[in-house]
Each structure stands twice: as structure tokens, then as C-alpha cells.
Amino acid sequence: MVVDTKGRRSFRGGVHPPESKHLTRDSQIQPGPDVKEVAVMLSQHTGAVCQPLVRKGNAVMAGQKIGDSDAFVSAPVHSPIDGKVKEVGLRSHAVLGRSQAVIIEAYPHSRPKRMSFNLPDDFNENNYSSEQICDAVRQAGIVGMGGAGFPTRVKIEPNPRLPKHTMIINGCECEPYVTCDYRIMLEWTDQIIAGIRLAQRACGCSHVFIAIEDNKPEAIETMNSALSALNNGHNIKVVPVKTKYPQGGERQLIKAILDKQVPTGGIPPAIGLVVLNIATSAAIAEAIIDRSPLTYRVVTVTGEAIAKPGNYYVPVGTPVQDLIDFCGGVTKKSAKVIIGGPMMGIAIADLTTPITKTTGSITVLTKEQIGKAKYERRQTPCIRCGRCIQACPENLNPTKIAHAVKNNLLDVAERYYISACIECGCCSYVCPANIELTGYIKTGKIFLARQKKKMPA
Amino acid sequence: MLKDITVSSAPHISQRLSTRSVMADVIIALAFPTAVAGYFFRFHALILIATCVLSCVVTEWLCNLIRKKQNSLDDFSAVVTGIILALSLPPSLPVWAAIIGSVVSIAIGKMVFGGLGANIFNPAMVGRAFLTASFGMLMTTWTAPATIDSKMPRINQENVIDARTQATPLAWSKTAIKNDTGADSYSRGQLEATIKGEVGGCLGETSAIALLIGGLYLLVRRTINFHIPAAVLLSAFVFATIAYLIDSNAYVNPLFHLSSGALFLGAFFIATDPVTAPLTRRGMWLFGIGVGTITMLIRIVGEYPEGLMFSVLLMNAVTPLIDRLCKRVPAGGKPSA
């Protein structure tokens, strides 16, 4: 079967926020701060929460599994450092609120993990079987590192009912400010390609497309030259896509590259596709070739309120405070601390919140960057200008849904397909009345889930 | 140190847009026809425009006071309503009538529904409809532009009454049909005049070129979408062409229909009022086609020489239905469940 790119390399709708990537674009990945204490959340992924495998007072080693679950859709967590378990207790989680975590105090001799490893010359993905790779990915606790944190093993495991033919590697990084994936593409190129080959081997995809937004020509070039060094037969291709937010949303990416639409409520495997993030593919290579679990990740610490922005390789569980202090501390100008980028990231008030496997960046914005209107959050009535409708990449009617939620008309919200919203934030971004459309829609989704008793009140 | 940190839902940045900036754009665009109105109809035109703007603003302020609501004047929407209402009034209208029209526009047209964003009908058109129904004579007395008649009225009442009146081109074409004298010969010479604006008519509707510049400004600034103006003008043009082809003696040239009357003002500034127009693009097309077609129906078949006001109000009334008809389907299709 011939599968080639057919899309117009973009999708309908979307917005063009200022990229602001210049702050960290050219800063190499560096080791992060020496941590004294990490809080490893037991739920860092979509799916079942892990049960702790250690107790207070236990000594743990770097890479030791400290939480796991029997559920299929789940991923274990590991200790990133040598240390002693201080407690298993509640910590602030960016998404889930207060949530279980294993708090580990570092031993003084604990050494940070080396940043990358050399690929063996005789590396060949065919030395590993699909089961071996899937199993290793599961044991290493790898989840989608782009944000949603879906367990990678579930994604790449072959499913006889839904055979996968094409894999898309998501290197778009459409979120403003964030540059971690970009730096990984430039610096860990071979490791990424090894990870891609392993993932391709595991899921049996005949075609692989690496999607990179066309505002990152260096990354496109680096990946292309590394691929041309490979002997052919891998069918891995770099596809430049249009720079537009949310180009890195998997549904938007699939539309852009293959001109296919994932059915509403469905996931990419339904049409034979796998979408993996760049950082995830690097983690796969590390897990299989280096046999080390996912305990560190690259985090971009950025924003105009950060004195020394940069890309850092830090242990999962590092408190946000440590990272910000390492980069010059919170300045007087800081108005908002965001885990993630400014479009989809989550603003936090508790700076002890640890980073997780899915945290790609910490953005600290000033009042000027947020804008007066957003800072004061003064909303004016909807003037029905329709900008949100034109910006919506999922072709929804955000103002209708948001106002239905506001007036507690959840049935109306459902009739306007509230569940199809990907929460990209384009509608709130363009709204001249400054209405928190995305916020209302998220609230509505929670109300609906509670109504259906899927979520505790 | 932490007390200045705020928390809110994503996204944390936004486009530098506000309702006020959108309205300011409309005001800038309206400056072109306003300036032309001042040029053609001189001082009284500017008095009328100032009166309308001022009384709209005061009315909104009073309504907010009575309803005990936050002052909403800073969104500039009352100013826009005032200018549009003024531009749709005949130049000889007395000031007191303009004040009544403005009060009705804001109080009955907008504030009783709950203010900006909640009104069903275009406020300026509500005010104008009220004036048309109440003071039919005043609303159909057209003075010729000052560039034709140098003895244009100044502000005092006697002069207004003494002013030379002139039928609007559309009213003329209407009588032409009835007298069977052939509208075509008249309209050819008038086409140029209607584009420049040297004809009788409402303050802002005479100069097609000024309206076009203002409309293009709004399109370039993306304050309005091209869908509604395109639909209004195209459908009106098609309708007029059909009538012209059927009987070119009784009906005037379609281009003349486009450039005269309130069609340009309506297409770019009145029908595009976002609050009272449909949300989706498909809806906008339907809405615009409705406005254009009903306008031409009234002009060609109906009693009135001009029908834009009624067609906009009629289509405003069906906007919720259009919105319901043109519901958006998610990009991934309807969910199968």
C-alpha cells in the first residue's frame, strides 16, 4: 500500500500567537539544579493511578520502580535519584489537584543522570522483537511526553483488530515559548531516530513521517541529514508543516499530513495511525538501548519574567520552585507561573508542584505578556463576532457551548458537541470580549463527567 | 513575593483585541462616509450626526443607571449606533426627531434586551423604523446636496423648510415605473452621480465610493467578514439583473440599484452588525442573500422606494433560526454514539 502525504500541510482554523521561542531557542540542553528532594507523582499519565511500592524510610536507587499498577492503561513510575523515601503523601499536581506522591530525599552522593548516551555502532532495531520493545517501554514507564501522557506501550503495541500502517512523529512544538523538543531534535538526533526505528519495529508501521513546523528550518535540516545517512528501507520522511497553532494537536497533524480526519470521539488507531512525540521517541531509545527508565526529561524554563531562560535536563519530581530559583528566581515582574506553554499550560499557585513526565516547560509571564485584559480577567458580553468559530480547529461553536455551560444548559452544550473540544484555547485567544471560552468548556466537561458519575465531585 | 501570582484557565495570552477596538475600527471606517456627508450636506449633517451620537451615549448611560448596571459606554457601541442612525437619516430632519430616533435606538433597540450582545434587532434600524412610522413626511423629505444647491439650509428651522427638495434617485425610478417613461435614460446619467454621491438621499448613503472605502477598511482589518456584504450585493445585483432583463424600460440598470440608496451602507455597516447577524459562514451567506433579495423585492415590487431597513430587520428576526439551521458539524464528523 502506498501511503504518502496528501494534506495541504495544515488544517482549517487555528491562530498565530507570537512564537516567543527566541528566549531559549539557542540555549543548549544543560543539567538542571541539584535537587535535595523530589516528589514523584503516582499519576503522571492518562489511565489508572499507580500504587506505591515503597514505604517511608525505604532507601531507593536511581531507576528503581517505586509505583506501578496492574491496569493495562497505566505506566509505572521510578525514582530519579538515590535517596530515602521521606513520605508517601499528597502533593499539588498541575492537573489533578492534591494527589499521591512519593517524596524522596536525595543522598548527598546522588549523581545526576547523564544527559544522553552513545548509540552502539551495531544498533539494529531488528535485534529486538515487537514484544520485547513493548515490554521494555512499559517497564520504563514511558508515556506520551507531549502533554496528554497516554501510556506509550498501549499506543505502539500491535492490535490485530486495528492494524497500524503509518506513524507520525510529532516535532511541531506549536506551543509558544517551548523549545525542549526543538533542542532534542538538534542535539539528540541519532537517539530520536533510533527510538523511531524501535517504535516502528514494535508497531509494524510501514511509513513514518516526522512532522516539524516550518519555523524550525535547522531541525528539519538536521533530521533530514541524519536520515539520509541511514540506508534506505526505513521509509522515514521529514514533513515540514505550516507554522500555526495548534499544529501539534494530533488530530490537526493527521489532517495536515495525510488529509485524514480522526472520527469525533475516536483516537488515531481507529484509522491505522500512531502519533508519538519527539521526546517520547528519545525516551524509547533510552529505555531499550540504555535500559534506563523515564526518570529525567528536558524542560524549557522560559518567559519574560525569568532571568536566565534555558533548556534543562531535570529529574521528574523536581519542584517548580527549584527550577525557577535555578534560573534566577521569581522576579517582581512575574504575574503567572505556568506549567506548560501559554496556550494550554496550567497556571499554578503552589510552587512546590513537581514537574511530571509530561511537563515540557515552565513559563513565567509578566503582566505585559498576559495583557491587561487577560490579567484583570474582565469579560464583556459576547458580540457574536464569530472569531472563535473561525479559529476553532475542530469546527465547533465555542461561544454557543461556553454560554450553554455558563447558563447551566449541559444538554445544549452536548448538542453542540462539547466533548469534541480539544481545549486548545484558540477561541479564548481571539475573543475580543475576553470571554474565557475554553475555561467554560473545560468546566462543562467536568460537570458532564460528574453527572455521568465518572468523576467524584 | 507570591501575592502577585494569578491563576486562571488557559490560554494565558490573548490577541490584543477588545470589543472597544472592534467598535473603534467601525468608527474609523464610518469616518469616510461621515466626512462625505459633511461635504455634501454641510453643517446640518454634522449637527445631526453629533446629536445622534450624543443622545445615544446619554441614553445608554441613563439606561445603565436605571438598571443599576455597570457603565458600558467604554465599549463605544453607542457611538457606532449613533453614527449609523445619523447616516441613515434624511439631511433635513429636525434635531428633535433625531433625538427621538436615538433614544428609541438605544433604549428600545438595545438596552431593554439587556444591552450590547443581547439585542435581537439592529438598534439603529429600530430607531429609524420608529421614525419612519411616526414621522413619515419628515423621513421622506430629501434635500439636494449642497454641491448642487448652494443655498443649503443652515441649522435654523425656516431654512430647513425653505430648502429645495429633490427626489432620491430610487424614488425617481419608482415614479418612472409608474409613469412608464423609461427609467433607463435617467439612470445612466445618474449612475456616476450616485457613485460620487451628488444625489439626494440619506446622509451617509449617497456616496457609494466613500462607503466602499470604509467597507474595504473593515475587510482589511478583518473587523467584518466578506460574506455578508458579498451576499447582499450579489443577491441584490442578481435580482435587479433579472428584473432588468425582463423589462429594461420599467426597471433601472442593476448597477444603478447597487450604487444608490442604502445598499452599500447596509451591506458593509448595517447588515454586518455581528450581534444581530448569524454566527457561521453559511449562515452569513443565507442572511446576506435574504437581506439583498428582500431589499430588491421592496424596491422593485413593493410600495417603498427603499427597503434595506425593513429587510435587515426582517432578517434579524430570523437570525436565531438561521443559526439553528447552519449548525456546525465537528471536523471529525458527528459522533457515532
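The values are calculated or read from the model by the stated rules, or taken from the named source; none is laboratory data. Source: prediction; values computed, not measured. Heads up, the Cβs are rebuilt from the backbone with ideal geometry, glycines too, and the neighbour counts pull from every protein chain shown.
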* Asked: Within the stretch A:268-278, can you find the residues that are hydrophobic (A, V, I, L, M, F, W, C) and either more than 11 Å from every other protein chain (Cβ to nearest Cβ) or buried (at least 17 other Cβ atoms within 10 Å of the Cβ) (or both)?
  -> A:I271, A:L273, A:V274, A:V275, A:L276, A:I278
* Asked: Of the residues in the stretch B:8-41, how many are more than 14 Å from chain A (Cβ to nearest Cβ) and crowded, with 20+ Cβ neighbours inside 10 Å?
  -> 9
* To do: State yes or no: is A:A229 within 19 Å of the chain's Cα centre (by Cα), surrounded by fewer than 24 Cβ atoms within 10 Å (Cβ to Cβ) and modelled with pLDDT under 90?
  => no
* Structure fact -> Within the stretch B:75-84, the residues that are touching a residue at least 40 places away in the same chain (Cβ under 8 Å) and either farther than 16 Å from B:G38 by Cβ or in a loop (DSSP other than H, G, I, E, B) (or both) are B:D75, B:F76, B:S77, B:V79, B:V80, B:T81
* Asked: Limited to the stretch B:286-317, what total is found for residues that are assigned to a helix (DSSP H, G or I) and over 19 Å from B:F269 (Cα atoms)?
  -> 4
* Structure fact -> Contact list, first residue from the stretch B:225-254 and outside any helix (DSSP H, G or I), second anywhere and of a type in the set (K, R) and at pLDDT 90 or above, beta-carbon distance below 8 Å, six or more apart or interchain, is B:N225/B:R281
* Residues satisfying the stated conditions in the stretch B:302-337, i.e. closer than 18 Å to B:W285 by Cα, more than 12 Å from every other protein chain (Cβ to nearest Cβ) and surrounded by fewer than 18 Cβ atoms within 10 Å (Cβ to Cβ) -> B:L314, B:A317, B:V318, B:L321, B:L325
* Asked: Taking the stretch A:404-425, which residues are more than 8 Å from every other protein chain (Cβ to nearest Cβ), closer than 16 Å to B:A10 by Cα and either of a type outside the set (A, V, I, L, M, F, W, C) or in contact with a helix residue (DSSP H, G or I) (Cβ under 6 Å, 6 or more places away or on another chain) (or both)?
  -> A:C421
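Okay, residues lined up against (1) free of Cβ contacts under 8 Å to residues at least 60 places away in the same chain; (2) surrounded by fewer than 19 Cβ atoms within 10 Å (Cβ to Cβ):
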position	(1), (2)
A:T366	no, yes
A:P381	yes, yes
A:L396	yes, no
A:T399	yes, no
A:Y417	no, no
A:E436	yes, no
A:A449	yes, yes
A:K453	yes, yes
